[in-house]
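Okay, so here's the structure we're looking at.
The values are calculated or read from the model by the stated rules, or taken from the named source; none is laboratory data. This is a predicted model, so every value here is computed, not measured. Don't worry about glycine lacking a Cβ; one is built from the backbone with ideal geometry, like all the others, and counts go over all protein chains shown.
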Amino acid sequence: MPKLILFSLLTAILISAPFLTLAQDETLPDSAAGGNAQQDVELDESVQAQDLGISEPTLLPDSPFYFLKNWQRSIQSFFTFGAVNEAELKLKFASEKLLEARKLAEKKEIPEILEKAAQNYEEEINKIKETVDKIKEKADEKLEVGKFLDKFVKQQVLHQKILEKLETQVPEEVFQKIEETRERHLERFGEVMEKLEENKERIQERLEKNLGELEGSQFKELKNLEILKELEEKVPEKTKEAVRNVIESTSQKMKQKLEQMTPQTQEKLENYIEKIQGDEENKIEIIEEIKSKLEEKPEITERLEKVKEKILFKLETSPLEIIEKESEEKCIKEGTETGLGLSEAKTIAKAGECGQKGILKETASCNKVTGTWWIDLDVNDEVWEGLDVSKDLCNPACVVDVLTKEAEINWRCTGLTLPSGE
């Protein structure tokens, strides 16, 4: 009898184990909500050599023996036949040369060598386009053309991520060259797709398919949108419409994800948007696009609006000012670890009622018990004219809650109560 009971228990555990695992897997994206958004950023922006199907480069353009590598490439090219095979080989060479440039940037090489490495990569991308022009069939007509184009799309998205990061790693005198290379790369990306696909509908399908297959975080659609926005600006007209359609479908997918996220994951998303690389103005466009689809979800649109305000603040502020403000002391509510810097509190204040009715003063104080910043406010004269109280009896302040990040005016009028609604 005891053996029978033990056998029944073991059987029940074995049967239920897959369902327990499935339940854990289903909640995995949201269960990570408390983690650091930087991990998600790394997942969506870090590209390894194996992701491109190559090895990490060891012989770099700054070596006197680099000519041996070019000889090897020339021999490989000589013994490669067929336009599709040649295009694949050029794609491999382009990936290698891009990683060489990245490695040189990590070594803090002299600008001339970095510029030459970027030029090597750009020339290889041009060679891909020249080779693709020799391919007579469309992707639908020949299987190997379709396979090449799938690989090309995936790798060009990864190349774009590497180039974006390179812009932040190179000296100022090389930045312009990397930026030009990235723009040229986007142009070639669109030209190759247009050459090998029959129509814009097929371009759209292939883009959606390959973007969906790329690994990434729970927020990867936002990074994809950022790259698609860049691509839209540079591709030929036929491809442009296809890219816009992919932007629309990707925005819709992100909207559905947002609606299912817990408030903790939404907060993590705010941090993610701020941290990802890319053009800040494009980020604002993406936020507005997603917001327009979430009109019935004010709690989510408010979060997105706050992120937009922070991005606008960055656009209007010099890098040195941002560093100073990020290192400033924060107001932290007692019993929590949540805090808010004064500069961010002022940004929130300016965007709401406080900014509409007055000008923030330099003087401010933190109430740690209530978790609020109190920023003295110089209220506009026309506002005082509409109030049944003398301005001499009041000392208004803009009160910003560090937890909710909401702001309101506290009039601090001595012995008087303002009319309701004020």
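The number of residues in region 266-300 that are among the charged types (D, E, K, R) and not in a helix (DSSP H, G or I) comes to 5. Screening THR168 on (1) without any contact (Cβ under 8 Å) to a residue 12 or more places away in the chain; (2) out of contact with any helix residue (DSSP H, G or I) (no Cβ under 8 Å at 6 or more places or on another chain); (3) of a type outside the set (Gly, Ala, Ser) shows it passes everything except condition (1). Of the listed requirements (1) in a strand (DSSP E or B); (2) at pLDDT below 90; (3) under 31 Å from the mean Cα position of the chain (by Cα), THR347 misses just one: (1).
No other residue among ILE273, ILE311, ILE286 is at pLDDT 85 or above, of a type in the set (A, V, I, L, M) and either closer than 21 Å to GLU344 by Cβ or assigned by TED's automatic domain parsing to the domain that holds GLU45 (or both) apart from ILE273.
Is there any pair linking a residue in region 128-145 that is within 11 Å of GLU197 (Cβ to Cβ) to one that is among the β-branched types (Val, Ile, Thr), with Cβ under 8 Å and at least six apart or on different chains, and which? Filtered contacts from region 128-145: LYS138/VAL145; ALA139/VAL145; VAL145/VAL84; VAL145/ILE135. Would you confirm whether any residue within region 81-98 is modelled with pLDDT of 90 or more, of a type outside the set (Phe, Trp, Tyr) and either loosely packed, with under 15 Cβ neighbours inside 10 Å or in a loop (DSSP other than H, G, I, E, B) (or both)? Yes: region 81-98 contains one or more residues that are modelled with pLDDT of 90 or more, of a type outside the set (Phe, Trp, Tyr) and either loosely packed, with under 15 Cβ neighbours inside 10 Å or in a loop (DSSP other than H, G, I, E, B) (or both). Restricting attention to region 344-381, the residues that are of a type in the set (Ser, Thr, Tyr) and touching a helix residue (DSSP H, G or I) at 6+ places or on another chain (Cβ under 7 Å) total 1.
Looking only at region 231-250, residues that are buried (at least 19 other Cβ atoms within 10 Å of the Cβ) and part of a helix (DSSP H, G or I) come to 9 in all. ILE135 passes every criterion in (1) touching a helix residue (DSSP H, G or I) at 6+ places or on another chain (Cβ under 7 Å); (2) under 21 Å from VAL47 (Cβ atoms) apart from (2). Across region 365-383, the number of residues qualifying as crowded, with 19+ Cβ neighbours inside 10 Å and assigned to a strand (DSSP E or B) comes to 6. Within region 121-178, the set of residues being aliphatic (A, V, I, L, M) and either outside the structural domain of ILE110 (by TED's automatic domain parsing) or closer than 18 Å to GLU96 by Cα (or both) comprises ILE125, ILE128, VAL153, VAL157, LEU158, ILE162, LEU163, LEU166, ILE178. If you check PHE152 against the conditions, is it under 28 Å from the mean Cα position of the chain (by Cα) and without any contact (Cβ under 8 Å) to a residue 12 or more places away in the chain? In short, no.
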